[in-house]
Amino acid sequence: MRRKLLVSYIMLVICLLSVSTLAFYSKTQELYMDTLAADMEKQGELLIRILQEESPSESGLQDLVRDYGDLLDCRITIIAGDGRVMADSLEDPQRMENHGDREEVKLALEGKTGSSLRESTVQGEQLYYYALPFTDQGENRALRFSVSTSAVKGLGLQYMAVGIVIMAVGVVISIFLYIIFIRHLTEPLQELMQSAQQITDGDYGVTIRNYSEEEYAKVSQAFQHMLRELNRNLQDLRERNLELEAVLNSDINGILALDLSGNVILYNEQVKDLLSISSESLQGKSLYQLVRHDDLYRVAEHAMAKQQFRRVDAEFEQNGSRRIYRIYANPIRPRDSKESIGLLMVIEDITNVIRLENVRKDFVSNVTHELKTPLTSIRGFIDTLKQGAVEDRAVAYRFLDIIEMESDRLYRLIQDILYLSEIENRPGEEEALEEVSVEEIAAQVLEVLDSKISQKNLDIFWEVQQDVKVRCEPDKLKQLLMNLVDNAVKYTEEGSITIRAWKAQGNSMIQVQDTGIGIAKEHLERIFERFYRVDKGRSRKMGGTGLGLSIAKHVVERYGGELQVSSEVGKGSSFTARFPAPVDENKKPSDSK
């Protein structure tokens, strides 16, 4: 039985290899001839182009075909329309017979491509002929190539020799197939053992095939069930990890979980930004390796040592700016366990909260002071009047004028506070916006302030383009210009005030420039803060509340703009507001006065 199977294997291998070798030889010979024809066609087209461009004489034609024949390692013949040989790379064309009866030449002279395979009477061996048609000086001609087929035959013999070797090797291999067949009985067990090893190594994507043998089939099914359960549990773990990662990265605070050795076991991307950590992955790295900050170390070590929740506020440097973080540290304990397995740290950026709290405190302090000053003055003069000054009519009227002035100041202060509160708290969507002409609003402002301007004999330079508009509430734009121009009038004792409006790069620009006392450089950064005054005594004397520029800044920013200031002490100040223009035009202010 074993011997019959062995003989059958050998016969089958010999038959298959014989058929394969013959088919391969035939296909290779066909491919070789097709490749040869394609090469001759390309070479012929190139040579025909050269012949048509140069139109050599017959002697020059003979030299040309000889040179190209040597170059291409083939015989080249040019045949006239009557079959006469005009040039040949190997023979004297004068001694050659007429080629008009050659099959490939006939087809070429008829305007077609021709080829044939036959014995050459000149060279005494089988040649492959390939002819192409072309026209020169109005006459049909043929360009023929001929090459020996000995290379094809030699190639065939080589393939036959290789085929015999392959068959011999095949016979040897067939002997080993018998041994392999015996091993086939143990192959399923080996596969199952290999699959089990892959699963042990963590490769849960292994495929376990079904076996027809009953014994192996049961083991295979058990393995498949186990693998399905493992993959399902692994998929659940992956989904939970993705959900956990999404939750962590959705938190605006930095989250960092450490093991008992202080190495990172869990984190989100925000903690890298907050602590300015450049590492791609923090997993497994020590906290002391990632960031250097004593307060951070201290709260972590204290929470771990005491096994208690700890919180601390600390200053950090982030991208060159000072930030204040609130750090929470809490031990991680499994459910129903008193022993911790690590530490969870949450880092919250409270810089803005602290800043707003300071602003609130400053605001309350400033408002209290600003309200207290006129109220104290009013109460003082009222007490003086009660004590007898009311009997002196001149003194009483002077005191009443002062009380009226302080009351007006108090009223303006309250109005400015309410207006500023409205700008900050009222949503912009509730406003009825319209395209407001800067020219009209500026003219109204100058009309209101005309008496103040006339009292100081100030010159007004008007450089406002007519088509400059801002999309906003008219009252808001009027309040902006009123504050800026009123400030310019207050702090300019002599000289001029220039009002400009123009369009530049898709923006509406408004500028109020004066030649007043100017602002020192150290005050420019805080000039827009509430109640901030460069000269407090002068400001109060002129009736200022300290909120005008803050209101102006809020108005500009409310409509997506920006308010900038430039100033030089003794030369004057310039306030420039930039708004997104309703239309895309770009013009410069005129120089008219």
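All of the numbers you see were taken from the coordinates with simple rules; none came from a lab. In this text, all values refer to a predicted model and were calculated from it rather than measured experimentally. Glycine also receives a Cβ, built like all others from the backbone with ideal geometry; neighbour counts cover every protein chain displayed.
In table form, for the structure just shown:
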{"quantity": "Difference of contour (0.36 nm per residue) and Cα-Cα distance, R209 to Q221", "calculated": "3.4 nm"}
{"quantity": "FRET efficiency, R298 to N241 (Cβ-Cβ, R0 35 Å, nearest 0.05)", "calculated": "0.65"}
{"quantity": "Net dipole in debye of the stretch 80-152 [+1 Lys, Arg Cβ; -1 Asp, Glu Cβ; about Cα centre; nearest 20]", "calculated": "160 debye"}
{"quantity": "Contour minus Cα-Cα distance for R118 and V448 (0.36 nm per residue)", "calculated": "107.3 nm"}
{"quantity": "Residues Q198 and T28, FRET efficiency given R0 of 60 Å [Cβ-Cβ distance, rounded to 0.05]", "calculated": "0.90"}
{"quantity": "Local electrostatic count, T113, Cβ distance below 9 Å [Lys/Arg +1, Asp/Glu -1]", "calculated": "-1"}
{"quantity": "Dipole in debye (nearest 20) - the stretch 22-112, about Cα centre, beta carbon charges: Lys, Arg +1; Asp, Glu -1", "calculated": "200 debye"}
{"quantity": "Set K476/K571; K386/K452; K476/K503 screened for pairs whose C-alpha atoms are more than 31 Å apart", "calculated": "K386/K452"}
{"quantity": "Whole-Å distance, taken between Cα centres, linking the stretch 267-303 and the stretch 39-115", "calculated": "84 Å"}
{"quantity": "Residue-span extension gain [E494 to M96] - 0.36 nm each, minus C-alpha spacing", "calculated": "131.6 nm"}
{"quantity": "Per-selection Kirkwood Rh - the stretch 54-151 (Cα, Å, 1 d.p.)", "calculated": "13.4 Å"}
